[in-house]
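K.L.:
I'd like to ask some things about the structure below.
The values are calculated or read from the model by the stated rules, or taken from the named source; none is laboratory data. Since the structure is predicted, the reported quantities are computational estimates derived from the model, not experimental observations. Here Cβ is always computed from backbone atoms with ideal geometry, including for glycine, and neighbour counts include all displayed protein chains. With ligands, DNA and RNA removed, areas are computed over all heavy atoms of the protein, side chains included. Shrake-Rupley method; radii C 1.70, N 1.55, O 1.52, S 1.80 Å.
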Amino acid sequence: RQILGAFSMLVRMVDDPAEEVRDALRRAMPEFSFRQFLRNFDDMAPEPRQVAGTLVRKIDGDCLPQLLHEMDRPSPVGRRRAVLAALAMGMVSSLEQRIIELLSDEDHIVRVAAATALADCKSAPSWEALRDALLDRSYVVKEAAEGSLQRISEALMHSANGQPESVEDDATVAEAPA
């Protein structure tokens, strides 16, 4: 890490399938562990959060069970952070069913995060859950669900027309105070 350009070289190696390489990366880049990512999550801007999340997902092979554990925390702030971390890490599809369940969470900030994250899933269960969330008692949850349904519709229309998906950052909706 003390050599000029070493960090870039290490980042280029995150997709290497060899377990030895991933072990070496975990040792060389401890700041890209799931725990460290979650610790710094709220202090990161959306774009660096996405980059760091992708690296954490590729370097720390134990993210899925840790995210599920975080989604079961008693604190709504912790559950919300876990959903948004899954979004930043590109793991919403892997956790789709659990995130759909969080659309019924007792806390509206968790429901907003879940509705926002489900924009990454273009499946019928997510679509139906978001449609049902349009009837939520909280206006901000309804707004997040509507935004996600709109993003899914646009993405499906773009893919049907052979165009690349447009990338919008709806993470600010989940960041909005109630």
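K.L.:
Summarise the accessible area of the chain (1.4 Å probe, protein heavy atoms) by the percent that is carbon and sulfur.
P.N.:
Carbon plus sulfur share of accessible area: 54 percent.
K.L.:
Applying a 10 Å radius around every beta-carbon, put 80-92, 53-65, 111-123, 30-42 in order of their mean neighbour count, most first.
P.N.:
Put in order of decreasing packing, that is 111-123, 80-92, 53-65, 30-42.
K.L.:
Under 10 Å from the Cβ of S93, count the other residues' Cβ atoms, weight Lys and Arg +1, Asp and Glu -1, and hand me the total.
P.N.:
In short, -1.
K.L.:
Still on this structure: Roll a 1.4 Å probe over the protein chains and send me the accessible area per residue for the chain in Å².
P.N.:
55
K.L.:
With angles folded into 0 to 90 degrees, how steeply does helix 19-28 sit against the dominant principal axis of the chain? Use alpha carbons for both and round to 10.
P.N.:
Approximately 90 degrees, to the nearest 10.
K.L.:
Points 7 angstrom from Cα along the Cβ direction at V21 and D42: gap in nanometres?
P.N.:
3.7
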